Amino acid sequence: MKKIKGNSVSSGVAIGRVKIIQKHELHIEHKKIYRREVESEISRFKKNVDYVINELSKLIQDYTYSQENRDILESHKLILQDPDFIDKISKLISEDLNSLEIAINKYFNDAIDIFSGMSNKYLAHKINDFEDVAYRLLSHIMDERKDILEDVDENSILIMENISPSFVTKVFEKQIQGLCTERGSRNSHSSIIARSMNLPMLVNTLGLLNNVKDGDIVIIDGNEGLAIISPTKSTLGKYNAISKKEHNIQKNLLKLIDVEPITKDGKKIKLMSNIEIPQEIEQVLKFNSAGIGLFRTEFLFIDREDLPTEDEQYEIYKDIAEQCLPNALVIRTIDVGGDKLSNILNITHEENPNLGCRGIRISLQNIPVFKQQIKAILRANTCGNIKIMFPMISSVEELSKVKKIIKDCSNELINTGIAFNADMELGAMIEIPSAVITSDSIAEECDFLSIGTNDLIQYTLAVDRDNQSISDYYKPTHPSVIRSIKITVDNAHKIGKKVAVCGEMASEKKYVKLLLALGVDELSVSPGRLLLIKKEILECNIEEMKAKLDELLSCKTSKEIMKLI
Amino acid sequence: MIRKTIKIVNKLGMHARPATMIVKAATKYRSDFKIVKSDMEINGRSIMGVMTLAAEFGSELELVADGVDEEFLIKEITKMFEDKFGED
């Protein structure tokens, strides 16, 4: 038995037999061709290159394949259109009588040799791209990519170096148990998709590939972030039991898809989804979510070297909004730390980015970028179900500025004669203590409030939740947090406005009762957690919990509160 | 034919993004376009070629265009270099 640590992408346990997917598993036969075959080999080359260029163009437009950013795909496309590339491959075929596969392999291996010796690290990095392009082209030519999964058994766990988002979907559709990648991060597109599908997955399991062979039994423990290779009998028994239990739970949860989220005492709760990338809409629809309560738009902006255009954004917003109908889509304008955007916006280094230029502040300092996003949203709202929400609001002043900008955008759109719809609810994220305290004024200035619990906890308690050494201080049920939520809800309700919670607290079943008792109207959770939270709602009696509210609000410690809920 | 010597003024040098920009721009024109660095001459419409130059900050390149729209091509490409390819 051997254990290897990784980062867990989604919770849950999977047990299966190892199937290693090697990126370089393409078996290229070292064969020479006859002179009479040259012509057909070259036309095969052109046909395949055209196909892959076409595929890339589609990916660039559809944003469906983009762990790498659009720029990278664009540069891949340019490589395939490169006149020298075409020339050299043609020569490798017609003069040296190489098969197409060998020619391509040779070309890219030469390029990798040249570039890996370069001192400019930006260029030395390009060898990864060459590998990707070569792989994409070769795997298409050899038509192997779809075969990879064709003979893979359902009871497998895939181990690979890295994975593309489209491949994750295929793995899920084939009902394969789970997967581990040696590289990758929790927040990559592939990981987000795996999470929303509840597909057990670990990333960053360094050394795993060297420690397994096909057919080994392996356990993915998504709760602990562990891969256990060739487990002992007792370990296997333990995990079998866990896995069986999880399967049963999941099976029962799936029965709740068409059940309305109504509490025991008869209150219907609006249960919506948070999404980060457009592809997650599939899960949203599958789980019958009441729309999208938070569409984080950061993913359109990060990991790329230019800005998404207004049209590009419009297409995406419109597409998701239409799929959401008749439910609402709440779009949150860009909310990241400046550090993530430094390559496309002029942002200077900050000593303390969490208290720096992020959220609405970035938008207000980069008005042209902000306006592009607003216009794209206004245009997409011709289907009428979009709401817009602003992150990191700290006072009403920001809302006034934002409203003026929306007005300007509307006027500009009128002048250009482009269709749009400015009849749109406007919401503020409540995640800074100053916004909590002034939530009465903020509520007056907008149509709804949405509490981002992650940042609210971080800013209220002055705790960075990624800082391991102080993780004990990160307490979602700290009395200050609970009272902040209460203040916000009360202030909004006084003037008939609704409050949603879209932070992680809403996705944790242990807090659901508490949030509902505090008066929260709507919950928005990641699609993978939707049914779990629905089950909790169905089992919850708000009135019963409300009876304890006074006691709850007078608790002095988080421990006391946890005991009560 | 126009030949124009140009200096690389963006700090990161000729990496993938500037190379992409140059090739995309050059593709719009009809003239022949080559870039020369010391003894190396490459096709300005070849992304692999432009990247292979590995031109660092401060190094000099010669742009060579030949054809009906050579002036415009050189003008656009020169401006890209001068604008540091949009880098700080």
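Bear in mind that the values in this text are calculations on the coordinates, not laboratory data. Just so it is clear, the structure is predicted and the values come from calculations on it, not from any experiment. No Cβ is skipped: glycine too gets one built from the backbone with ideal geometry, and neighbour counts run over all protein chains shown.
Overview of values
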read-out	value
Number of partner chain Cβ atoms within 10 Å, mean per residue of A:112-118	2
Per-pair calculated FRET efficiency, R0 = 41 Å: A:Asn352 and A:Lys174 via Cβ, rounded to 0.05	0.35
Difference of contour (0.36 nm per residue) and Cα-Cα distance, A:Ile495 to A:Lys267	80.0 nm
Column: log10 I(q)/I(0), Debye, Cα scatterers of the stretch B:2-86, q = 0.11, 0.17, 0.18, 0.19 Å⁻¹	-0.23, -0.57, -0.65, -0.73
Relative contact order computed over the stretch A:99-176 (Cα-Cα under 8 Å; 6+ residues apart), in percent	24
Counting DSSP beta bridges with both ends in the protein assembly as shown, the antiparallel % (nearest 5)	45
Gained length - A:Leu538 relative to A:Ile470, 0.36 nm times residue gap less alpha-carbon distance	21.0 nm
Gyration tensor (Cα) of the stretch A:359-504, equivalent ellipsoid semi-axes in angstrom	31, 17, 12
log10 of Debye I(q)/I(0), alpha-carbon scatterers only, for chain A at 0.05 Å⁻¹	-0.25
R0 of 60 Å, Cβ-Cβ distance B:Ser38-A:His247: FRET efficiency to nearest 0.05	0.35
Shape parameters for the stretch A:193-272, alpha-carbon atoms, Rg then Dmax in Å	17.7, 55
Tilt relative to chain A, helix A:70-81 - C-alpha long axis, 0 to 90 degrees, to 10	10
Where Rh is the Kirkwood radius over Cα pairs, Rg/Rh for the stretch A:291-424	0.96
Cα gyration tensor of the stretch A:228-381 - equivalent ellipsoid semi-axes, whole Å, descending	37, 25, 15
Cα-centred dipole magnitude for the protein assembly as shown, charges only on beta-carbon of K, R (+1) and D, E (-1), debye, nearest 20	1860
Expected 222 nm ellipticity per residue - DSSP helices of 4 or more, -39500 (n - 2.57), all of chain A, to 500	-14500 deg cm²/dmol
FRET efficiency, 1/(1 + (r/R0)^6) with R0 41 Å, evaluated for B:Glu87 and A:Thr232 via beta carbons	0.15
Label-point gap, in nm, between A:Gln61 and A:Gln365 - each point 7 angstrom along Cα→Cβ	3.7
Stokes-Einstein D for the stretch A:95-136, Kirkwood Rh over Cα pairs, 10 °C, 1.306 mPa s (µm²/s)	147
Helix axis angle, A:367-380 relative to chain A longest principal axis, alpha carbon, degrees	90
Ellipticity estimate at 222 nm from DSSP helix runs (n ≥ 4, -39,500 (n - 2.57)) divided over chain B, nearest 500	-10000 deg cm²/dmol
Selection of GluC sites (Glu not before Pro), the stretch A:515-565, meeting DSSP coil and at most 15 other Cβ within 10 Å	A:Glu539
Whole-number percent relative contact order across chain A, with pairs defined as alpha carbons under 8 Å at least 6 apart	14
Dimensions in Å of the stretch A:467-552 - Rg and Dmax from alpha carbons	13.5, 42
For the stretch A:434-462 versus the stretch B:19-87, the gap between their alpha-carbon centres in whole angstrom	52
Label-to-label distance, nm, for residues given as A:Asn155 and A:Glu412 (7 Å Cα→Cβ offset)	6.0
Among A:His478, A:Ile442, A:Thr453 - extreme Cα towards positive end, dipole of the stretch A:427-507, charges at beta-carbon	A:His478
Shielding by other protein chains, B:49-61, mean Cβ within 10 Å	3
Sparse-neighbourhood loop sites, trypsin sites (Lys or Arg not before Pro) in the stretch A:157-262 - DSSP loop, at most 13 other Cβ within 10 angstrom	A:Arg183, A:Lys213, A:Lys255
Additional length obtainable on full extension of the chain from A:Ala419 to A:Asp311, 0.36 nm per residue less Cα span	37.6 nm
GluC sites (Glu not before Pro) restricted to DSSP loop in the stretch A:82-156 with at most 10 other C-beta within 10 Å	A:Glu95, A:Glu154
Chain B: most fluctuating residue of B:Lys34, B:Lys24, B:Lys11 per GNM, C-alpha cutoff 10 Å	B:Lys11
Euclidean distance between Cα centres, the stretch A:506-565 to the stretch A:102-144, Å	53
Between 0 and 90°, nearest 10: helix A:310-324 axis offset from chain A longest Cα axis	70
Whole-number D in µm²/s for the stretch A:35-143 (Stokes-Einstein; Kirkwood sum over Cα pairs; 10 °C, 1.306 mPa s)	110
Selected from B:Met51, B:Met14, B:Met40 as most flexible by GNM, with chain B as the system and alpha-carbon contacts under 10 Å	B:Met40
